[in-house]
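Structure first, then comments.
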Amino acid sequence: MNLLSILGVFSSAIFSGTSLLYTTLGEVIGERSGIVNLGLEGVLLVSASSGFAVTVITGNPYIGVLVAVIIGGLMNMILGYLIIHRKANQLASGLALMFFGFGLSALIGKSYVGAKINALPRIALPGLENLPKLYSSLLSFDILIYTAIPVAFLVWWLLFRTRWGLGLRAVGENADTAYASGRDPRLIRYQALFLNGLLAGLGAAHLSIAYTMTWTEYMTAGRGFIAVALVIFSRWHPLRAIVGALLFSGAVAFQLLLQSSGVQVSPFLLDTIPYVLTVLVLIAWGGNRRHSAPASLGRVYHGTE
Amino acid sequence: MPNPQDRSPMISLRGITKSFPGVLANDHIDLDIFSSEIHALLGENGAGKSTLMKILFGFYRADAGEIRLSGKPISIRSPRDARSARIGMVFQDLNLIPAFTVAENIALFLPNLKVVLNPQEIDNRINEISKQYGLAVNPRALVSQLSIGEQQKVEILKLLLSDARLLILDEPTRVLAPHEVEALFGVLDNLRKDGYAIVLITHKMKEVLQCADRITVLRSGRVAGTLLRSEATEEKLVKLMFEKALSGLKITESKRDESSKPILELRGIETRAEGAGVTLKGIDLQVRSGEIVGVAGVSGNGQKELCDVVLGMTTCVRGEKYLFEQNLTNRSVGAMRRKGVGFIPENPLAMASIPFMTVLENMALPHTWRYARYGGFAIDWKSLKEDIQKTEKQLGFSVNFYAIAKSLSGGNLQRMVILREMTHDPHLIIASYLTRGLDMQSAIAARQALIQARERGAGILFISEDLEELFMLSDRLLVLYGGRFVGEFKPSETNIYEVGHLMTGSKVEHVG
């Protein structure tokens, strides 16, 4: 293993971890308001495919990103209608949204499979422009990567330092108390879900328009669910989500490196490393109730008579 | 106090009516609330006190009626409207968020909170008011780490800082020890002097006579009468609260025998708590035939864990449990049940019934092995019914066998659980908060059931936070604090203040 391969793992972890981080941040906001979004996988797919399609059509990746973000928000509004307005079960509604997303994204992306796009441009880390091409290309990142960590801080600030964030967290803990304080828990949950969708859309856009630069069916490969797990890993805290996303994508990149370096282990087994890691983390955090889940996570808010 | 007849009310309710499915909770209620007054709303559970105040707070919406603020009609459709009318309320089951700090909980209710929070400024505002009324709290503490008494203080601070002029307190003394109640009344007295209007919802007559200026009694959703304190007596209030005279509790002599072998014995029991639970430490306990052993304590000091250990729902890491001198440490609930252990838990709807099953099905649940026929492919409903009816005759109350458990009122549900647990004459009965949420008549029936069981020779472990009830029924009284027994008394050899101080872990002082 040399410097180049370590740099490779690092670079690949950052590229694949960015979409995961955005999605996780979105889910942190959603779950802080009390909503588990199991439909994220579907939201990601629809956002990724429509963003990609728009990029192909317009030739402008920025318009593609914008469309992916808005579609993400709108997809979540479907979930919002089901669980906030119709008071449906959160988990069932989320799964329904996921399957809907599978179908819809396949339909949207069908004619764009294999299309070439004008991807988001990559900008080398400042000061590293003069490195050999091989190195500098590994250290050139697109704008969404540069903004990912600042966005995590922004989410933290929103949740813990603003009036809106206080109300949102209150809804996730005890919606009746939030209501008694003069807030509208339904409205706040819609807002949280919309923001959750916007951030998932941003993650999806990074995946199809910046990182892989392609559309293939089911290209998200479980990222929506990993994000839900990472929220638990980060214990509902946006800054710990940075660590979680990097650790997970680092594990993915590392096992890819192992595979390519010809380790005598079945590649199928190596494929499972990141997921085994996820399971281990969930086990480790399991019984720990301190600073853990928002108290009314997953509960339907029924309002008062 | 100026004569209230000369003043116009701060808030008037006129003809407030509210029905829930199957219940008329409020039936054309008129009520006037004055500033600088403590107005007690007295009545049985289910008389409609909380509903009425939740309507005034906008938490429920009335079907009919009018609310007037200084004579002008206003519309209160949500707590937001109530807050702009400067009305604040503390709910019965305190509504603080345990995962938030004190400051965050209070900030949630600040009227002019800035878009970007300034923690220092919020802390300063809290400290200022808390100094003014002697309600010391640490704004940075997590609410989950506060005692119930401290949480009560935070709730009151929250109301004061929310700029409310009318403070509604729903059963604020329910979870407080006697000396904490006196401190609370002191604070309320100061608030009254500063011009606040206070509504105190309660069903405790003594408290009303101790601190209220004006008393309104509600009975089954209607106003039974309003009295000034000067004209109120306990007798008059009882007459207003109950249509019929209450049948008194008949307390028979206990037949305990000090020398007999204990039915239940715990030796040095220790548990390991998970999450927010309490760890029991060094619990020694004996319950003999024919005695009621009372366990006093503020809830959340290990009562639930104690019940769970006795019944076998949690395992203990140290110590031994004997039932009839047989070591049953860490054996299953089923093994305990079959030896004749009855359990009346604190929350019958959540812990002792399946809400969507009928009463009869619920009755069968702990005894399915007794009524199973043909290897469990059939249940002998007839003999179950006969057994229950026999108990009904003994205890003097009954429930509808075919009602869905969820549709029963709290009192009837508790009756169902008591009937079920008393059937088959259990040798040991664990009764936890037996009368919580029961109206006075149901409470008397429930207590009578325990006394009858004692007369039969059953041993009873009786957990409660109602000291009066504990002193009335217990043969021996233990005080549970922080997962340990911190005191053991004969009720005749102590008083509520001594026990109250032990319950809250504070030093015993002389209260005048």
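Structure data summary
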quantity: Separation between Cα centres of segment B:431-461 and segment B:314-385, rounded to whole Å; calculated: 19
quantity: Accessible area expressed per residue, chain A, with surrounding protein chains retained (probe 1.4 Å, Å²); calculated: 43
quantity: For segment B:4-242, accessible area per residue (1.4 Å probe, heavy atoms of protein chains only), Å²; calculated: 40
quantity: Environment charge of residue B:319, counting only residues whose C-beta is closer than 15 Å and scoring Lys/Arg +1, Asp/Glu -1; calculated: +1
quantity: Most mobile listed residue (A:54, A:67, A:279) in chain A, GNM with C-alpha springs under 10 Å; calculated: A:279
quantity: Computed helical MRE - 222 nm, chain B, DSSP H runs ≥ 4 contributing -39500 (n - 2.57), nearest 500; calculated: -9500 deg cm²/dmol
quantity: Rounded to 10°, Cα long-axis angle of helix B:119-133 versus longest principal axis of chain B; calculated: 90
quantity: Within-9-Å neighbourhood charge of residue B:423 [Cβ basis; K, R +1; D, E -1]; calculated: -1
quantity: DSSP bridge pairs, the protein assembly as shown: antiparallel proportion in percent, nearest 5; calculated: 55
quantity: Exposure rule at most 13 other beta-carbon atoms within 10 Å, DSSP loop GluC sites (Glu not before Pro): chain B longest free segment; calculated: B:1-242
quantity: Contact surface B-A: accessible area buried, both sides summed, square angstrom, 1.4 angstrom probe; calculated: 2300
quantity: Aspartates and glutamates with Cα under 14 Å of residue B:382, excluding same-chain neighbours fewer than 8 positions away; calculated: B:361
quantity: Within the accessible area of segment B:4-242 (1.4 Å probe), percent carbon and sulfur; calculated: 49
quantity: Where segment B:366-512 is the region considered: accessible area per residue in Å², 1.4 Å probe; calculated: 45
quantity: Prolate/oblate/rounded call for the protein assembly as shown, Cα gyration tensor, a/c under 1.5 rounded; calculated: prolate
quantity: Exceeding the 26 Å Cα-Cα cut-off - candidates B:54/B:206; B:72/B:236; B:49/B:239; B:304/B:406; B:304/B:490; B:250/B:390; calculated: B:72/B:236
quantity: Lysines whose Cα lies under 25 Å from that of residue B:131, excluding same-chain neighbours fewer than 8 positions away; calculated: B:114, B:153, B:158, B:193, B:507
quantity: In degrees, nearest ten, helix A:238-260 long axis to first principal axis of chain A (Cα); calculated: 40
quantity: Net +/- balance of residues flanking residue B:183 in space, Cβ distance below 11 Å, scoring K and R +1, D and E -1; calculated: -2
quantity: For segment B:275-334: rounded, prolate or oblate by the Cα gyration tensor [a/c cutoff 1.5]; calculated: oblate
quantity: Rounded to 10°, Cα long-axis angle of helix A:223-233 versus longest principal axis of chain A; calculated: 70
quantity: Mean-position separation - Cα centroids, segment A:196-230 and segment A:97-162, in angstrom; calculated: 9
quantity: Convex hull (Cα only) mean projected area of chain B, reported in nm² to one decimal; calculated: 26.0
quantity: Exercise: per-residue mean of other protein chain Cβ atoms within 10 Å, B:160-172; calculated: 0
quantity: Projected-area mean, segment A:96-234, by convex hull of Cα positions, square nanometres; calculated: 11.5
quantity: Cα-based shape type of segment B:4-242, given that a ≥ b ≥ c are square roots of the gyration tensor eigenvalues and the cut on a/c is 1.5; calculated: prolate
quantity: Those trypsin sites (Lys or Arg not before Pro) in segment B:50-84 that DSSP places in a loop and that have at most 14 other beta carbons within 10 Å; calculated: B:61, B:77
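The values are calculated or read from the model by the stated rules, or taken from the named source; none is laboratory data. In this text the structure is predicted, and so the values were computed from the model without any measurement. Here Cβ is always computed from backbone atoms with ideal geometry, including for glycine, and neighbour counts include all displayed protein chains. Note: accessible area is taken over every heavy atom of the protein model, side chains too, but ligands, DNA and RNA are not part of it. Shrake-Rupley method; radii C 1.70, N 1.55, O 1.52, S 1.80 Å.
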